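Let me begin by presenting the structure, written as C-alpha cells, before commenting on it.
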Amino acid sequence: MQPSRLKFKLEATATGSRARAATFRTLHNNVQTPLFMPVGTQATVKGQMPDALLDSGSQILLANTYHLLLRPGPEVFKKVGGIHKFMGWEKSVLTDSGGFQIFSLPNARSIAEDGAEFRSYVDGKKILLSPEVSIETQMAIGSDIMMVLDQCIPSTADKATAKLALEITQRWAVRSLKTRGDSLQSMFAIVQGALFPDLRKQSADGLTQLPFDGFAIGGLAVGEEKHEREDMCEVAAAMLPSDRPRYLMGVGTPLDLLEAVHRGVDMFDCIIPNKVAQFGTAFTSRGILQLRRSVYKFSEDKLDPACACPVCQKYSRAYLHHLTKTQEPLGWTLLGQHNIFFYHQMMREIRQSILEDRFMALYNDKRTYLQEEDIDNPAVPPKIGKERRPRELGDYIVHLADAGFASIKQISSGEIMHSHTPPMEEAKSLYVDQANLVDRLQLPAGQTADEADELVIWDIGLGAAANAMAAVHAYEAAAAHGPVRRMKIISFENDLDSLRLALSHKSKFPYLRHAGPDALLERKHWSSRAFPGLSWELLEGNFWTEATHASAKPDLVFYDFFSHKTDTDCWHPDAFRRLLALCRSNKSAALFTYSASTAVRASLLAAGFSVAQGVATGVKKETTIALLHPELSKISYTLLDREWLSKWERSNAKFPLSLTEAERAGFEQSIRQHPQFLNVTSHPSKG
C-alpha cells in the first residue's frame, strides 16, 4: 500500500484492548487520536463560536458536502479560497460526502450507477450527486480529509440489498480516487456491509487494496441494536490496516465512543453533544444531567465539579436550569460548549491512559457513570404505595407492563393506552412511519418552506401525547438535515388528566422530556424555537364541537379514541360521516387508527371512506387506514378487496353495536355497493 498523505504514526496499543493512540498530520495541523470531531454541517457548529471550539480542544470539524453543494455552492469556496478562510477556522476540516443525507431522503431521490439524483431543497432543481461531483465539490471546499461517496442503507437491511450497496460503494470509491488525482487532500474510503461479517470483509478487502489515507466504518447507528453495533464495529475495525486512521461515522454518546475506542477505532463524529444541549442535557463526571429538573432550580453548584471548561468555571446549575426552562438560546450555547469540551476531555484522558498502558482501568471506571443519570440527585422511582407523586389522577392510573414500560390506564373502562408495545414504538410504527411522514415533509420542487403548504395533523385523542410526540420527533429529525415543510399538529382531548399524570412521571414516560408537552398543557399552544416551522395546538373539549373551530383542515388524522366498547359513538358510521365532511376540503387526506375490527372498517366504508390494511402492532395483526380518494393518495396502500367483503358477509360482527335494525339494510347496501369492491381483484391505491 502506498504511503498515507497523513503520515500516520501508531504510538501505543493498550494491553487487553484494541484501543490505540496515534498521531497524523493534515494540511493544517497535527492531530492526536483518539479524537472526536464536532459536526459543523453547514460550515458552522450550531450555536458555537469558532474560538470556543478551538479552546475546547477541537482538532477537526466535520462539514457536509451535500448541504454545502446546495448552499453556498462550490463557486463561493473557490472565490474565497476554501472553507478554512470562509469560516475562520485554522485547524482541520473533514467533509462527509453526502451519502448519509441522500439516505435520509429515501423517497425523494433515486440511486443508480452514475450516482444519486435528488431535488435541491434550495431551488427544486434536479441534481446528480456522482462520485465525481462529490469529490470535485470537496476539493473546492478545500477540506483536509475527503470522504468517498457511498450508498448508505439501513444496518438491518437484508443481505442481498447490503451486497449491492457495498458493491456500488466499491465502484464509486475507485471513481473518487481517480477524480482526486494528485490533490494533496487526504481521502478516506467507507466500509459497508450492514450486519454481515462476510460482507464487511468483502468490502474491507477490496478497499484496502486501494491507496486511501484512512478508512471509515459506515452503515452503523442506522437502525441496529447497541450490542449489534459494538460487535460489528469490532469485526470491521479488525479488518482494517493498522497504519491508517479508523473512523466510525455518526457515533455517538460518550459511552459509545469509549466502547468503540476499546474496539480499535480512532475517530468519531456525532451531533449528540450539541443536539441534546438544546433540550437541557449535559454530560458530566457525575452522570447525565437533565437541567429541566426542578432539583437544580436553587442549586449554586457548578455544572460539573471535575470540568475545567469556561461554563463550569462561571455558571451555576440554577442559571443553566433557568435558561433551559425559558428556552433561551444562550442555554443551548453554554451546554453545547460544555458537552463538546467534555467529549474532548474524555478523549484526551483516554489517549493518555493508552500511552501509559492503563486504559482498561479507565475504561472500567468510566463505564460506571457515563450511562447513569445524575448520580448525586437520582430520579429513583419510589416504591409502590409510598410515592411522592400519586400514580392516579382522576380516572387514570400509571400502568407498568410486564415488559418494563409504562402506559396510562383508564380506571373506569380498564383500557390501557399502548398496552402491548411501548408508547413511542407503537406511535412511530402505526402513525408516523405508516403515514410516511418524513417523505410528506419534503419540500415540493421549486418551493421554499415559506411557500409550501403547511402539513396539518389532527391528533384525535391526545391521551398521554405519544402519537403527537412521535410526529414531533420525526419532524425535528428531518428538519435537522435541511429545510422541510412547516407542520402543525392539532390535538383534541376532552380530559387532560392522562397527560397531566404522565407529565408528573417523566422518568416513566421519557418522551415527555421535551419543551412541547408542558407548554401545550399550560398555554394550549407551542411553537418550536429550534425548528420554527413546527407548531402544536390543543383544543380541549368534545371533538365534534371543537373540530369546527380548528385553524386548519387535516392532511393526516391520527384517530385514537378508546375502543368502540368505551367510546361507542366515536366509531359509529355517523361519526365517520361527520369526520369525512370535515376533511373533504383536502381530498388526499388519510386517517390512521389502531382498530382493525370488522365493525369499525365497515363503519368507515359506510361513511364513504375507502379502507385499506394497516401495519401490525402489538398483538394486532393489522390496523386500519381510511382514505377519501385512494387515487390521490401520496402513498400506495392495499385496499380491502372482495375477499374481505366475503368475510364481512359471513361475520357475526358485521354491524356496529349501536346500529338499529332499521339502519342495517341501508348499511349493508352501502358496503356492497362501495366503489372499492366493484373490481373483481384486489385494488391497491395509486402511489
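Some notes on this structure:
- Residue tally, condition of a type outside the set (Asp, Glu), more than 22 Å from Ile271 (Cβ to Cβ) and surrounded by fewer than 22 Cβ atoms within 10 Å (Cβ to Cβ), over the range 64-88: 9
- Taking the range 441-458 as the range and being in contact with a strand residue (DSSP E or B) (Cβ under 6 Å, 6 or more places away or on another chain), surrounded by fewer than 20 Cβ atoms within 10 Å (Cβ to Cβ) and closer than 17 Å to Lys488 by Cβ as the test, only Glu454 passes.
- Candidate set: the range 80-103, residues that are in contact with a strand residue (DSSP E or B) (Cβ under 7 Å, 6 or more places away or on another chain) and part of a helix (DSSP H, G or I); chosen: the one nearest to Gly250 (Cα to Cα): Gln101
- Sole residue being more than 17 Å from Asn436 (Cα to Cα), at pLDDT below 95, in contact with a strand residue (DSSP E or B) (Cβ under 8 Å, 6 or more places away or on another chain) and not polar (S, T, N, Q), chosen from Leu582, Leu645, Leu640: Leu640
- The strands (runs of 3 or more DSSP E) located wholly in the range 566-650 include none with 1 or more residues which are among the acidic types (Asp, Glu) and touching a Leu at 6+ places or on another chain (Cβ under 9 Å).
- Residues within the range 435-449 that are on the phi < 0 side of the Ramachandran plot and either outside any loop (DSSP other than H, G, I, E, B) or over 22 Å from the mean Cα position of the chain (by Cα) (or both), tallied: 7
- Qualifying positions in the range 531-545 - surrounded by fewer than 17 Cβ atoms within 10 Å (Cβ to Cβ) and not in a strand (DSSP E or B): Pro532, Gly541, Asn542, Trp544, Thr545
- Subset of the range 601-611 (residues that are hydrophobic (A, V, I, L, M, F, W, C) and either surrounded by 24 or more Cβ atoms within 10 Å (Cβ to Cβ) or at positive phi (or both)): Ala602, Leu604, Leu605, Ala606, Phe609, Val611
- Contacts under 7 angstrom Cβ, first residue in the range 252-273 being farther than 16 Å from Ala22 by Cα, partner of a type in the set (Gly, Ala, Ser) and at pLDDT 95 or above, 6 or more apart: Pro273/Gly336
- Qualifying residue in the range 500-509 (condition: touching a residue at least 24 places away in the same chain (Cβ under 8 Å), more than 20 Å from Ile416 (Cβ to Cβ) and surrounded by 18 or more Cβ atoms within 10 Å (Cβ to Cβ)): no
- One residue stands out among those in the range 240-295 that are of a type in the set (Ser, Thr, Tyr) and more than 27 Å from Glu476 (Cα to Cα): the one that is surrounded by the most Cβ atoms within 10 Å (Cβ to Cβ), which is Ser285.
- Residue match in the range 450-467 (condition: assigned by TED's automatic domain parsing to the domain that holds Glu537, part of a helix (DSSP H, G or I) and at pLDDT 95 or above): yes
- Residues in the range 562-587 that are surrounded by fewer than 16 Cβ atoms within 10 Å (Cβ to Cβ) and either in contact (Cβ under 8 Å) with a residue 40 or more places away in the chain or of a type in the set (Phe, Trp, Tyr) (or both): Ser563, Lys565, Thr566, Thr568, Asp569, Arg584, Lys587.
- Scanning the range 302-323 for residues being assigned to a loop (DSSP other than H, G, I, E, B) and under 12 Å from Leu335 (Cα atoms) gives a total of 4.
- Residue that is farthest from Phe279 (Cα to Cα) [pool: residues in the range 55-88 that are among the hydrophobic types (A, V, I, L, M, F, W, C) and over 29 Å from the mean Cα position of the chain (by Cα)]: Val80
- Output for the range 510-530, where each listed residue is touching a strand residue (DSSP E or B) at 6+ places or on another chain (Cβ under 9 Å), among the hydrophobic types (A, V, I, L, M, F, W, C) and free of Cβ contacts under 8 Å to residues at least 60 places away in the same chain: Ala519, Leu520, Leu521, Trp526
Here is a yes/no grid of residues against (1) over 27 Å from Pro554 (Cβ atoms); (2) β-branched (Val, Ile, Thr); (3) surrounded by 18 or more Cβ atoms within 10 Å (Cβ to Cβ):
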| site | (1), (2), (3) |
| --- | --- |
| Lys634 | no, no, no |
| Leu639 | no, no, yes |
| Trp644 | no, no, yes |
| Gly666 | yes, no, no |
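- Arg523, sole failed condition from (1) surrounded by fewer than 20 Cβ atoms within 10 Å (Cβ to Cβ); (2) under 29 Å from Glu372 (Cα atoms); (3) in contact with a Leu (Cβ under 9 Å, 6 or more places away or on another chain); (4) not hydroxyl-bearing (Ser, Thr, Tyr): (2)
- Top-ranked residue of the range 472-509 - restricted to ones that are acidic (Asp, Glu) and in contact with a Leu (Cβ under 9 Å, 6 or more places away or on another chain), ranked as nearest to Gly446 (Cα to Cα): Glu476
- Candidates Ser143, Ser155, filtered to the one that is at negative phi, surrounded by 24 or more Cβ atoms within 10 Å (Cβ to Cβ) and in contact (Cβ under 8 Å) with a residue 24 or more places away in the chain: Ser143
A quick yes/no check of all residues on (1) more than 30 Å from Lys79 (Cα to Cα); (2) hydroxyl-bearing (Ser, Thr, Tyr):
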position	(1), (2)
Val148	no, no
Ala160	yes, no
Leu164	yes, no
Val174	no, no
Ser186	no, yes
Ala189	no, no
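The values are calculated or read from the model by the stated rules, or taken from the named source; none is laboratory data. Keep in mind the model is a prediction, meaning the values are calculated, not measured. Cβ atoms come from the backbone with ideal geometry, glycine included; neighbour counts cover every protein chain shown.
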